[in-house]
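*Asks:* Below is one structure. I have some questions about it.
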Amino acid sequence: MSPAPPPVARWVLSYCLPDDIREAVLGDLEEVFALGGGGPRAARRYRIQVARSVLPTLTTGLAPGRLGRALGALTLGFVTMWVVGDAALAGSRGLATVVLGEAASGEAVGWITFLSAMLPTCVLAGYLTAHAGGHAGRLAALVLSLVVVVPALIAPLFGHGGDPLWARSVWILGGFAATVAGSAIRPLADGLPGARL
Amino acid sequence: MARGEHLGEFELIVLAAVLRAGSDAYGVVIHREIEERTRRRVAIGSVYKALERLRRKGLVERRLGDPTPVRGGRAKQLFEVTRAGRRAMRRTVETFDRMFEGLELGLDSA
């Protein structure tokens, strides 16, 4: 079996590429990797190409005429986070009270709301943003996923940093990863915006 | 000159690389042509970004080639410079020529 390109680098590039050039670019880099012998040196070259291509490929679909759609998708993502997130938080707090009882610790309730409200909301917001944003949807979703982590990052500056560092890190990384994962989901139906990029 | 026929330096380089690659102008070949002739490192993503911009301006056309095993079964995207693309190249080069006509850069002995 011939060696395969570095999987993480390949996934990152695949995520950043618009649909219409994804196969071609991945194929080109795979060809260069194979012709380079497929060893550690070829893998290093592959990673360098990916690192240098991330920004250009993310912004490939960002033509002036498409900027409005990307901004609209970003707004949709924010609204989803806000409205759906609030409703989900209220629901999951109620669920936590039912499951754990009134005497449940704040930490336990916090983890239940994280798992049952925050993560699904991030996945949904990422998905909607990526597919409503057309060619630049992934870029909009990436911006959204970075913004998701900002409140957790700056909370200590405003005296809300009571959670231990490890717990805050899980919230930050979890929110970021869930939003990115949501935006990487393929369209669930052909009729959805962005189903044919 | 109509809007869309103004070429940046990198766009001109990419168009020239597509022309040089002839009937086999796909990402790997175009990228290699650019790196070898300009002697600078270029990200393949930047090449595709420029090609996409040129395609939207109608200066290149693309079509799908056959998938090959060495590419993991993925098809090539083959590019061709359109007539409008050749015209834009000629105008840009003529503009450069006019700008540099009679200009002494003073670097001959360097």
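*Asks:* Let me check I've understood the local charge: for B:R71, count other residues with C-beta under 12 angstrom from its C-beta, Lys and Arg +1, Asp and Glu -1. What total comes out? List each step's numbers first, then the result.
*Replies:* Details: positive: B:R74, B:K76; negative: A:E23, A:D28, A:E30, A:E31, B:D66.
Every neighbour counted, the sum reads -3.
*Asks:* Would you work out the relative contact order for the stretch A:65-138, in percent, from Cα pairs under 8 angstrom that are 6 or more residues apart? Write out the running numbers ahead of the final one.
*Replies:* Values: 68 pairs, mean separation 40.0, N = 74.
Relative contact order, the stretch A:65-138: 54 percent.
*Asks:* Starting from 0.36 nm per residue, how many nanometres of slack lie between B:T38 and B:L64 once their C-alpha separation is accounted for? Before the final figure, lay out the partial values.
*Replies:* Details: separation 26, 0.36 × 26 = 9.36 nm, distance 2.72 nm.
Fully extending the segment from B:T38 to B:L64 adds 6.6 nm.
*Asks:* Still on this structure: Using amide H atoms built in the peptide plane, which far-off residues or other-chain residues are under 5 Å from B:G65 H to H?
*Replies:* Amide H to amide H, under 5 Å and 5 or more residues apart or across chains, B:G65 pairs with B:K76, B:Q77, B:L78.
*Asks:* With only alpha-carbon atoms in the gyration tensor, what are the semi-axes of the equivalent ellipsoid for the protein assembly as shown, in Å, largest first? Provide the component values of the computation, followed by the final result.
*Replies:* Working: eigenvalues 422, 95, 76 Å².
Ellipsoid semi-axes (Å, largest first): 46, 22, 20.
*Asks:* Then there's this: Can you show me the helix-derived [θ] at 222 nm for the protein assembly as shown, built from DSSP H runs with n ≥ 4 at -39,500 (n - 2.57) apiece and divided by the number of residues, rounded to the nearest 500. All intermediate terms of the calculation are to be shown ahead of the outcome.
*Replies:* On the way: 13 runs with 191 residues, N = 307.
Per the formula, -20500 deg cm²/dmol.
*Asks:* Quote the charge dipole size of the protein assembly as shown about the Cα centre in Debye, to the nearest 20; the model charges only the Cβ of Lys and Arg (+1) and of Asp and Glu (-1).
*Replies:* Values: 37 positive and 27 negative charges, 132 e Å.
Dipole of the protein assembly as shown, to the nearest 20 debye: 640 debye.
*Asks:* Dipole magnitude of the stretch B:1-71 about its Cα centre, charges +1 at Lys/Arg Cβ and -1 at Asp/Glu Cβ only, in debye to the nearest 20?
*Replies:* On the way: 15 positive and 10 negative charges, 41 e Å.
Dipole about the Cα centre, nearest 20: 200 debye.
*Asks:* So who's got an amide H within less than 5 Å of the one on B:V60, skipping anything under 5 residues away but keeping other chains? H placed 1.01 Å off N, in plane.
*Replies:* Close amide H contacts, sequence-distant or interchain: B:R55, B:T82.
*Asks:* Based solely on C-alpha atoms, express the radius of gyration and the Dmax of chain B in angstrom.
*Replies:* Looking at chain B, its Cα Rg and Dmax stand at 15.9, 53 Å.
*Asks:* Pick from B:E36, B:E52, B:E11 the residue whose mean-square fluctuation is largest in a GNM of chain B, springs joining Cα atoms under 10 Å.
*Replies:* B:E36
*Asks:* Would you look at the GNM of chain A, springs on alpha carbons closer than 10 Å, and say which of A:Y46, A:Y127, A:Y15 moves the most?
*Replies:* A:Y46
Every number in this text was worked out from the coordinates using simple rules, so none of it is lab data. This structure is a prediction, so every number in the text was calculated from the model and none was measured. Neighbour counts run over all protein chains shown; Cβ positions are idealised from the backbone, glycine included.
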